[in-house]
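Contents: one structure, followed by commentary.
The values are calculated or read from the model by the stated rules, or taken from the named source; none is laboratory data. The shown structure was predicted, so the numbers you read here are calculated from the model rather than taken from an experiment. Note that each Cβ is placed from the backbone with ideal geometry, even for glycine, and that neighbours are counted across all protein chains shown.
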Amino acid sequence: MPPPPRRPFPPSKGRNPGLTPSQKPAAAANSRGWDPVAAWYDKLVGESGSDYHQNVILPAVLRMLAPQPGESIVDVCCGQGVLARPLLESKVGRFLGVDASPRLIEAAKVRHGKDPRVSWLIADVCKPGAWADGSHDAAACLMAVHDVEDAVAMFSNISRALKPGGRAVFILMHPCFRIPKQTHWGWDPDQKIQFRRVDRYATPLEIPITTHPGKSSGEQTAFHHRPLSELLTSLGKGGLAVVACDELYSHRRSQGSGPFSKAEHFAAAEFPLFLALKALKVESPSLITHP
Ligand SMILES: C[S@@+](CC[C@H](N)C(=O)[O-])C[C@H]1O[C@@H](n2cnc3c(N)ncnc32)[C@H](O)[C@@H]1O
């Protein structure tokens, strides 16, 4: 999901802890997934991606994935298919988009489904499925690692989907600086700096997100915060070894020239929005699995 617009100096709203793993059953019951907000998300992302897709996420995934002509690539949690077009323009031989939301897959078919190289599958990527068949050269997963409940299961399936030595690229909200309801911008008037406040980090949380701001229907999705150690260890448990990491910053810059703008500009260049990881399929996951 594209991050919410930056609100430089919000008042502190106090602690809003989200739900720890012991409270998860209640959260799961409330979580209705992305289907109810599919029309909103499809409109937000559109034909070529949100502002963040176009300026930050898609350039980064193309750079790290380096798709080669003729390759087979699976887009895991593809949403309405925003990655299809850039990959087809890179002349990949086959593109498979997999997502749990039937409405988003329907939107993907309407937007990008005419090319014979493209196919779509409705599936829960945390469960074994036909797509995890060892036939793909590469996989991508954009803005969705924090949407799935069982990251190890998804990483294992991605590993199964890849050919030996296959690669996967993940782009997600930066787990250290972008935790919904737990991280905020603040302003220090004495030092004239914009700081990033992190209220919680170490505890895995399931955080309900109102996905369709401005509409009173209260549709929610669940954001699964995992600290970096858990995220990286989950990749290893899934049979994927990280070989490259990038931290992606906002392309947006304040236009003004006063102290606020200067501080905002500085902070935007210091605190990354997204974490990008490239991992390779490992044949013997037991070699890399953390106890
Ligand atoms: C924020 S959207 C990102 C979609 C797309 N990758 C993009 O960048 O626009 C998160 C997506 O993850 C999908 N998703 C969440 N959990 C899933 C699961 N267990 N299996 C398959 N898809 C899932 C949702 O349906 C939704 O399309």
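For a quick check of your reading: which helices (runs of 4 or more DSSP H) sit entirely within the stretch 28-96 and have at least 1 residues that are touching a His at 6+ places or on another chain (Cβ under 9 Å)? So that I can check it myself, show each step before the final result.
Values: elements: 38-45, 58-65, 84-89.
By residue number, 38-45, 84-89.
Considering only residues in the stretch 231-261 that are free of Cβ contacts under 8 Å to residues at least 40 places away in the same chain, surrounded by 13 or more Cβ atoms within 10 Å (Cβ to Cβ) and over 21 Å from Ala60 (Cβ atoms), the one that is farthest from the chain's Cα centre (by Cα) turns out to be Ser261. Can you say whether Ala132 is in a loop (DSSP other than H, G, I, E, B) and more than 22 Å from His212 (Cα to Cα), as far as the supplied structure shows? In short, yes. Would you confirm, using the coordinates I've provided, whether Val118 is of a type in the set (A, V, I, L, M, F, W, C), in contact with a His (Cβ under 7 Å, 6 or more places away or on another chain) and farther than 21 Å from Gly165 by Cα? Taking the combined requirement at face value, the residue satisfies it. Here Gly214 meets each of (1) at pLDDT 95 or above; (2) exposed (fewer than 14 other Cβ atoms within 10 Å of the Cβ) with one exception, condition (1). Against the list (1) surrounded by fewer than 17 Cβ atoms within 10 Å (Cβ to Cβ); (2) more than 17 Å from the chain's Cα centre (by Cα), the condition Glu149 fails is (2). The condition of being buried (at least 17 other Cβ atoms within 10 Å of the Cβ) and either modelled with pLDDT of 95 or more or under 24 Å from Ala140 (Cα atoms) (or both) does not hold for Phe195. Among residues of the stretch 37-58 that are farther than 19 Å from Ala222 by Cβ, none has a beta-carbon under 6 Å from a residue that is within 11 Å of the ligand (Cβ to nearest atom) and among the charged types (D, E, K, R) at least six positions away or on a different chain. If you filter the stretch 75-99 down to residues that are among the β-branched types (Val, Ile, Thr) and within 12 Å of the ligand (Cβ to nearest atom), you find that the one that is farthest from the chain's Cα centre (by Cα) is Val98.
When the residues of the stretch 100-137 are filtered to those that are over 17 Å from Pro86 (Cα atoms), more than 8 Å from the ligand (Cβ to nearest atom) and of a type in the set (Val, Ile, Thr), the one that is surrounded by the most Cβ atoms within 10 Å (Cβ to Cβ) is Ile105. Taking Lys114, is it modelled with pLDDT under 95 and outside any strand (DSSP E or B)? Against the criterion (modelled with pLDDT under 95 and outside any strand (DSSP E or B)), Lys114 qualifies.
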